[in-house]
Amino acid sequence: MSRKMLIDGELSHPAEAEERYDFDLFVIGAGSGGVRASRFSASHGAKVGICELPFDPISSEVIGGIGGTCVIRGCVPKKILMYGATFGPELQDARSYGWDVHEKVDFDWKKLLKKKTDEIVRLNGIYKRLLTNSGVKMYEGEGKIVGPHEVEVTQLDGTKIGYSAKHILIATGSRAVIPDIPGKELGITSDEALSLEELPKRVVVLGGGYIAVEFASIWNGMGAKVELCFRRELPLGGFDDEMRAVVARNLEGRGINMHPRTNLTELIKAENGIKVITDHGEELLADVVLFATGRAPNSKRLNLKAVGVEVDEHGAVKVDDYSRTSVPSIWAVGDVTNRMNLTPVALMEGSLFANTVFGGEPTKPDYNHVPYAVFCIPPLSVVGLSEEEAIQRGKGDILVFTSSFNPMKNTISGRQEKTVMKLVVDADTQKVLGASMCGPDAPEIMQGIAVALKCGATKQQFDSTVGIHPSAAEEFVTMRTVTRRVEASGKLKTNL
């Protein structure tokens, strides 16, 4: 897809577009990607319309809200609850630092829940104002594509209105998947978990990904008994294996009961809660069962097949390197494309879509060196390649540098929980291929490391950088000794 094709072939006649269509761009979905694409397209002079389902903290096929999953029922409310959960362990540690904390400290779940809801309502209003101030026309209702340049919006009263647009952008995100097991209606997803009326005392979590370990940490920090069941030997499949083991050890050390290689087969309503049956024949009793078993692209109600937009077997919209679908006038960004499902990535894709289509600068999203974090307690954050990925992709030897230490805070509090850091380096070029950290403030530290990797930093440059003392972050620039060398064949060489 060339610059000439995008600009000369389609974008050089804005006046003509205004005469033929109601909008230059109509966006279905006002989450992070859709809002960013709308605002940036409008800043390039495009006439933009956007539709979104009515607001509610718990989503469904007909309920959503401007701000999308991240703002309303994802990253933001989760982080608020995570902050709340960290105070429990912090209060325990405070005693060692001289604070006279009474043995019983009360926690008001409903107070925190109200604060959380107030914040997402506030953010929902901010996103509306961002769109309005950018000149984007907003519509509340369910959007459906009825032609290459036609969108139909079903309003709250059931009436349907059609709009024409030169370009249509799909940004409908994804929704939680519920496993098909007997009694599944007794379980909840992360949507409901963020809005429970009562704090559960006993929780069973099914899943080993981000959402599973984060909610396990939240409820554990608030005093609940948590059983974490996952299908693999370690949680967080796809992450660096060494760091996965660190997370598992930390979760267990915090009091979470781990059930590796375990699935749930049935939920049964009992007098004193929910009886959970595992595939090992175990019976667990819970007040809440959370299904954190993945998410699916939110595409099935968009009428895509009828208009020729191709999707994969999971319902993800197929796009090219510029986020264009199989229909030239229809585009897609964010989780609905199932590329790299992170809010900042959706923002990047939305920005570059606007630059490509309306800014005269066709640009492909760059998915290299995207940092991300898992907000368990303590958090894990990574950027670049894991050790396993580096071995698989590399042609030469790989050097691995690690540091495991007791954080200074723990030396006084007595908490037995180590911070672990890791650098993966190309032995020939000395280029740092990946970095990982599990420990307090890992996401804050990793953002700076991500800039370095994006710039192609070498191990020598890390070594020559002066550290901030005393801090955990300085360990990244003081790891001088190779922990192990992995030959191109994948065989480990130790003691070097």
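The table that follows gives values for the structure above.
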read-out: Selection count where residues are within 24 Å of PHE87 (Cα to Cα) and either touching a strand residue (DSSP E or B) at 6+ places or on another chain (Cβ under 6 Å) or not in a loop (DSSP other than H, G, I, E, B) (or both), scope the stretch 236-285; value: 11
read-out: Some residue of the stretch 206-221 being under 28 Å from VAL121 (Cβ atoms), in contact (Cβ under 8 Å) with a residue 40 or more places away in the chain and in a strand (DSSP E or B); value: no
read-out: Entirely in the stretch 385-479, the helices (runs of 4 or more DSSP H) that have 2 or more residues that are under 27 Å from the mean Cα position of the chain (by Cα) and under 22 Å from PRO89 (Cα atoms); value: 442-454
read-out: Residues located in the stretch 150-185, provided they are over 22 Å from ARG36 (Cα atoms) and surrounded by 20 or more Cβ atoms within 10 Å (Cβ to Cβ); value: ALA176
read-out: Some residue of the stretch 360-372 being in a loop (DSSP other than H, G, I, E, B), in contact with a helix residue (DSSP H, G or I) (Cβ under 7 Å, 6 or more places away or on another chain), surrounded by 18 or more Cβ atoms within 10 Å (Cβ to Cβ) and charged (D, E, K, R); value: no
read-out: The stretch 84-111, residues that are open to solvent by less than 30 Å² (accessible area, probe 1.4 Å) and under 25 Å from SER195 (Cβ atoms); value: GLY84, ALA85, GLY88, PRO89, TRP109
read-out: Any chance ILE50 is modelled with pLDDT of 85 or more and out of contact with any His (no Cβ under 7 Å at 6 or more places or on another chain); value: yes
read-out: Residue ID - nearest to the chain's Cα centre (by Cα), chosen from residues in the stretch 347-359 that are open to solvent by 10 Å² or more (accessible area, probe 1.4 Å) and in contact (Cβ under 8 Å) with a residue 40 or more places away in the chain; value: LEU347
read-out: Within the stretch 207-223, considering residues that are open to solvent by less than 10 Å² (accessible area, probe 1.4 Å) and small (Gly, Ala, Ser), the one nearest to THR278 (Cα to Cα); value: GLY207
read-out: Residue pairs meeting the criteria (Cβ under 9 Å; at least 6 apart or on separate chains; first in contact (Cβ under 8 Å) with a residue 24 or more places away in the chain and open to solvent by less than 10 Å² (accessible area, probe 1.4 Å), in the stretch 417-428; second basic (Lys, Arg) and not in a loop (DSSP other than H, G, I, E, B)); value: LEU423/LYS459; VAL425/LYS431; VAL425/LYS459
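The values are calculated or read from the model by the stated rules, or taken from the named source; none is laboratory data. Everything numeric in this text was worked out from a predicted model, so none of it was measured. Please note: Cβ atoms are built from the backbone with ideal geometry, for glycine as well, and neighbour counts cover all protein chains shown. All accessible areas refer to the heavy atoms of the entire protein, side chains included, with ligands and DNA or RNA removed. Shrake-Rupley method; radii C 1.70, N 1.55, O 1.52, S 1.80 Å.
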